[in-house]
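**Student:** Before I ask anything, let me first share the structure, which is written out below as structure tokens.
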Amino acid sequence: MNTKRRLTFLALWLGILLGTQAQTVVQTKTGVRVNPTDCPTATEVQWYTPSAARILKYPKELKEAPEHKSYSIIAKAAQNLATNTVTDGSVNSETPCIVLSIDTRNGNVTFRSKIDGEQLLCETASSLSLIADGVDKGQYRASQTWAVGKDEFLFGLGQRQTSELGIRGMDVNIWTDYKIITIPYFSSEKGYGLYWDNAGESKFTDNANGTTFSSSVARLEDYYFMYRDGTQDGVVAAIRNLTGQATMFPLWTLGYWQCRERYKTSDELCDVLDYYRQHQIPLDGIVQDWQYWGCDSNWNAMRFDNPYYSNKVGDPVQMRYLPQDLQKQADEMIRSGRQPRIKSPQEMVDYVHKNNAHLMISIWPDFGPWTEPYAELKKINALFPFETWPKNAGAQVYDTWNPKARDIYWKYLKNLYEMGFDAWWTDSTEPDHTEHPGDRDYLTYDGSWRSVKNSFALVTNRGIYEHQRATRGSDRKRAVQMTRCATFGIQHYGSFSWSGDIVSDWNVFEAQIPSGLNYIACGIPFWNTDIGGFFGWDMNNDPKSPAMQELQVRWMQFGALCPLMRNHCSSPMVSEIYHFGQPGEWAYDVQKQYIELRYRLLPYLYSTMGDVVLNSGSMMRPLVFDFPKDRRAVRTGNEYMLGRSLLVRPVTEPLYTYRDAKKNGHAIYPEVDKAAAPVSVYLPAGTVWYDFWTGERHDGGHRIQRLAPIDIIPVYVRAGSILPWGPAVQYAAEKAWDDLELRIYPGADGHFILYEDEGDNYNYEKGQFSLIRMTWDDAAQCLMLDQRAGKFPEMLKKRTFRIHLVGTDKTQTILYDGNSQRVLM
């Protein structure tokens with residue numbers, strides 16, 4: 001029977017069997033709708049893929065679901081994916097992955113695995129309460145509660161600055177802030193995920209009554225359930241199918257970034273770059289923070305009106321733009337007649353590029369009253385009268401939901417793009433907002449602030465990304481946007497987040513690991529922190545304080561093993577590594593050592609990024625992703641996998657220094673670099689582990705004490721791993737990967753795929769990249785190199801692989817020409 005006839009027959013059969021055709025069960029092209037006998041709301045299931053279902057609830061007197069604009073979901077529901085059947089009191093809708101059972105009395109949905117029949121989740125109560133007055137009149141307050149297993153481990157909800165990975169027993173407001181990226185999504189150790197699709201004021205609650213999402217404003221109840229095969233990789237793949245695949249960043253972004261709030265002149269920025277190059281500290285990115293536009297009234301003008309950048313210090317017209325904190329410096333410059341080395345913004349951009357580095361620049365969503373964007377946005381009523389940063393300057397946030405406003409935003413940003421800036425720092429995308437009563441009632445282009453606020457970052461970054469991609473010649477340079485805020489699906493728009501303006505403090509540092517893991521669990525693969533923390537006041541803003549030095553070094557070690565690596569701080573603190581010590585001193589040497597390590601790992605990291613983009617992979621992985629059957633690993637929030645091979649346990653407690661009551665730092669040991677205190681490391685069960693530094697072998701399933709002198713962060717390599725080791729370089733593209741070491745860690749079978757492309761353009765979207773699959777057969781002690789798949793312009797035709805079997809003295813050097821080879825060790 002063909003599909004069309006089968007669906008027609010099934011619809012008739014459902015109606016006859018229930019005796020209430022067109023009232024209780026309605027077959028749809030994308031799923032099924034049930035009008036429960038004892039409940040005022042209809043339950044509708046729409047299938048998007050075999051592993052992703054959308055659940056909607058709305059008043060059953062409506063013939064179809066009310067229109068709901070999703071900012072995160074870009075996929076469309078698919079037709080004829082599921083088989084629908086009727087049992088006593090319920091309707092089943094199933095795919096090869098999921099079985100949904102809808103109770104025909106109360107509309108509650110139960111979710112089961114099609115693979116093994118296990119019950120995954122079930123609804124217990126839902127509510128739609130009509131809003132009778134106010135700006136949201138006619139919409140609903142919505143809530144949905146599910147029954148979750150008593151000991152079931154849940155995680156997610158985005159970046160919340162807590163030291164806990166798990167979210168059971170918590171009440172969490174879903175309302176983004178300058179260091180809080182709450183996302184209405186959770187994942188379960190059972191291998192399913194749930195996204196509550198509401199961009200407004202919402203809440204997550206988990207208590208004895210169940211696990212609940214609720215929202216203050218909704219057109220209907222709307223959420224997505226995702227389950228493929230019980231793996232977290234399956235959940236992430238479902239998320240990316242719904243929200244869009246991640247985009248590939250340029251190779252250079254995986255290098256080291258130097259950043260500070262702020263470089264106040266182009267000379268200062270270029271001097272920092274010079275120091276790094278002269279002292280052979282690898283670097284790929286440097287960042288121009290705010291006030292290059294000048295004073296606060298000219299906030300975010302998207303041009304260099306600050307006279308220090310335009311070489312017009314002393315010019316009566318240009319001096320009106322001078323930031324207040326530069327007045328004394330400007331007076332001295334005028335008296336001395338000193339001229340800047342770098343005499344224009346364009347010269348600064350060109351100088352950075354000439355020295356093989358890339359430049360990111362800060363841009364904001366609000367504009368000062370002196371700026372041209374402010375005037376143009378005001379004409380179309382696309383500015384919000386909120387109190388924002390900077391205070392008392394008249395700056396106003398733009399209405400990012402208004403498409404004309406997004407056009408105006410790019411119109412002015414394009415000037416910087418054409419100057420050659422390589423990346424955007426989209427700061428304050430929550431946005432900054434000193435809230436007053438009534439603010440949440442303000443109407444945006446898409447509805448009340450209360451109902452859409454959490455989508456601000458996504459819509460803003462998407463607008464920039466789409467405008468840049470539409471610009472002629474943009475295919476030659478990949479979009480890179482670092483945003484302070486985010487939400488579900490932002491990975492599809494050339495964007496990654498950092499963890500906000502955090503304090504230089506050990507407890508804050510410790511919280512970054514679970515915060516990042518919970519954020520990445522939401523399907524967003526790229527994330528980083530301000531290495532060392534942003535606000536240094538708890539360390540007296542003193543880079544020579546032993547306490548600050550220890551924290552900075554440990555944070556730098558963590559940063560080297562994150563998806564992206566960026567050093568940053570807030571004035572008057574300074575973040576360049578030479579402020580912490582000089583060559584020969586541990587506070588300098590160890591930081592340089594880990595920057596250099598980062599570059600040796602580039603082939604591994606870039607290939608992992610390739611897996612993210614091509615296969616919906618994840619770079620920074622909670623242990624539950626790889627060890628779901630190990631309950632200790634599942635609940636571990638202070639360790640993670642970097643890719644599928646490296647287990648990282650950051651040192652997040654001071655071992656060799658302390659602070660006194662006045663926050664001054666002191667060394668416990670006279671020579672910190674000779675001390676060695678232990679930290680506890682859990683090695684997940686089911687595999688053998690190798691100490692990255694010593695090659696020492698350990699069985700999994702145990703907690704060990706690992707000595708962690710100041711130059712060691714505990715890192716372990718999973719047996720079966722093939723770890724490519726790149727050349728020593730000063731910037732990512734300095735040397736071709738024509739001579740790579742392959743480190744094989746025996747004890748299990750394994751594989752690795754080396755991904756390569758041109759490093760920076762969108763030809764990879766056209767299939768212009770190459771893959772070399774490497775497979776280790778542990779029993780045969782044999783490495784198989786497959787024939788290279790794919791090609792791209794200027795691809796290496798031949799290369800040397802130097803193969804080392806870790807834990808032995810066995811090595812081999814081979815010439816690989818793209819054809820398959822078998823190497824016995």
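**Student:** Sum -39500 (n - 2.57) across every DSSP H segment of at least 4 residues in the chain, then divide by the residue count to get the 222 nm mean residue ellipticity, nearest 500.
**Tutor:** Calculated at 222 nm, the ellipticity per residue is -6500 deg cm²/dmol.
**Student:** Quick one: pull the percent of accessible area on the chain belonging to carbon and sulfur, 1.4 Å probe, ligands and nucleic acids left out.
**Tutor:** Taking all protein chains in place, the chain shows 48 percent carbon and sulfur surface.
**Student:** Still on this structure: Determine, from the Cβ-Cβ distance of residue 773 and residue 507 and an R0 of 45 Å, the FRET efficiency 1/(1 + (r/R0)^6), rounded to the nearest 0.05.
**Tutor:** Calculated transfer efficiency: 0.55.
**Student:** Per residue, how much accessible surface does the range 240-333 expose to a 1.4 Å probe? Answer in Å², no decimals.
**Tutor:** Dividing the accessible area of the range 240-333 by its residue count gives 30 Å².
**Student:** When the Cα centres of the range 246-318 and the range 371-422 are compared, how far apart do they sit, in Å?
**Tutor:** Using only Cα atoms to place each centre, the spacing works out to 21 Å.
**Student:** If you count only protein heavy atoms with a 1.4 Å probe, what accessible area per residue comes out for the range 624-742, rounded to a whole Å²?
**Tutor:** I get 41 Å² per residue for the range 624-742.
**Student:** Each label point is 7 Å from the Cα along the Cα-to-Cβ direction; what then is the distance between the points at residue 749 and residue 231, in nm?
**Tutor:** Here the modelled spin labels are 1.4 nm apart.
**Student:** Same structure again: Quick query: amide H of residue 32 versus all other amide H atoms, modeled in the peptide plane; which residues come in under 5 Å with a sequence gap of 5 or more or a different chain?
**Tutor:** Here the answer is 45, since their amide H atoms fall under 5 Å of that of residue 32.
**Student:** What full-extension length gain, to one decimal in nm, is calculated for residue 392 and residue 677 as 0.36 nm per residue of separation minus the Cα-Cα distance?
**Tutor:** 97.6 nm
**Student:** Another one. With a 1.4 Å probe and every protein chain left in place, tell me how much accessible area residue 112 has, in Å² to the nearest 10.
**Tutor:** 80 Å²
**Student:** Please list 497, 820 from largest to smallest accessible area, probe radius 1.4 Å, with all protein chains kept in place.
**Tutor:** 820, 497
**Student:** Tell me, what is the 1.4 Å probe accessible area of residue 538, in Å² to the nearest 10?
**Tutor:** For residue 538, solvent-accessible area is about 40 Å².
**Student:** Hey, another quick one. Could you tell me what percent of the DSSP beta bridges with both partners in the chain are antiparallel, to the nearest 5?
**Tutor:** Among the beta bridges of the chain, antiparallel pairing accounts for roughly 80 percent.
**Student:** Report the label-to-label distance for residue 544 and residue 814 in nanometres (one decimal), using points 7 Å from each Cα along the Cα→Cβ vector.
**Tutor:** Rounded to a tenth, the inter-label distance reads 5.5 nm.
**Student:** Report, ordered by chain and residue number, the aspartates and glutamates lying within cross-link reach of residue 629, taken as a straight Cα distance under 18 Å and ignoring same-chain residues fewer than 8 apart.
**Tutor:** Hits, sequence-local ones excluded: 116, 118, 151, 152, 189, 229, 233, 639, 699.
**Student:** At most 15 other Cβ atoms within 10 Å plus a DSSP loop assignment makes a site exposed; report the longest stretch of the chain without any exposed GluC sites (Glu not before Pro).
**Tutor:** 153-434
**Student:** Please work out how much length the chain gains when fully extended from residue 800 to residue 124, using 0.36 nm per residue of separation minus the C-alpha to C-alpha distance, in nm with one decimal.
**Tutor:** Length gained between residue 800 and residue 124: 237.3 nm.
**Student:** Another question about this same structure. Over the chain, what relative contact order in percent results from Cα pairs under 8 Å that are six or more residues apart?
**Tutor:** The value is 10 percent.
**Student:** Right, next: For the range 195-236, run through the chymotrypsin sites (Phe, Trp or Tyr not before Pro) and keep only the ones in DSSP coil with at most 12 other Cβ atoms within 10 Å of their Cβ.
**Tutor:** Hits after loop and neighbour filter: nothing returned.
**Student:** Roughly speaking, what is the centre-to-centre gap between the range 749-825 and the range 321-336 when only Cα atoms are used, to the nearest Å?
**Tutor:** Here the answer is 57 Å between Cα centres.
**Student:** Between the range 48-69 and the range 449-528, what's the alpha-carbon centroid distance in Å?
**Tutor:** Cα centroid of the range 48-69 versus Cα centroid of the range 449-528: 28 Å apart.
**Student:** Here is a further query. Name the helices (complete DSSP H segments) of the chain with a Cα length along the long axis of 20 Å or more and a Kyte-Doolittle mean of at least -0.5, or state none.
**Tutor:** 3-18, 456-470, 506-520, 546-560
**Student:** Ordering 586, 389 from largest to smallest accessible area (1.4 angstrom probe), what's the sequence?
**Tutor:** The most accessible residue leads, giving 389, 586.
**Student:** Which distance in nm do the two modelled labels at residue 787 and residue 766 give, with both placed 7 Å along the Cα-to-Cβ direction?
**Tutor:** 2.5 nm
The values are calculated or read from the model by the stated rules, or taken from the named source; none is laboratory data. Because the structure is a prediction, the values reported are computed rather than measured. Quick reminder, even Gly has a Cβ in these numbers, built from the backbone with ideal geometry, and neighbours come from all protein chains shown. These accessible areas exclude ligands, DNA and RNA; they are computed on the full protein's heavy atoms, side chains included. Shrake-Rupley method; radii C 1.70, N 1.55, O 1.52, S 1.80 Å.
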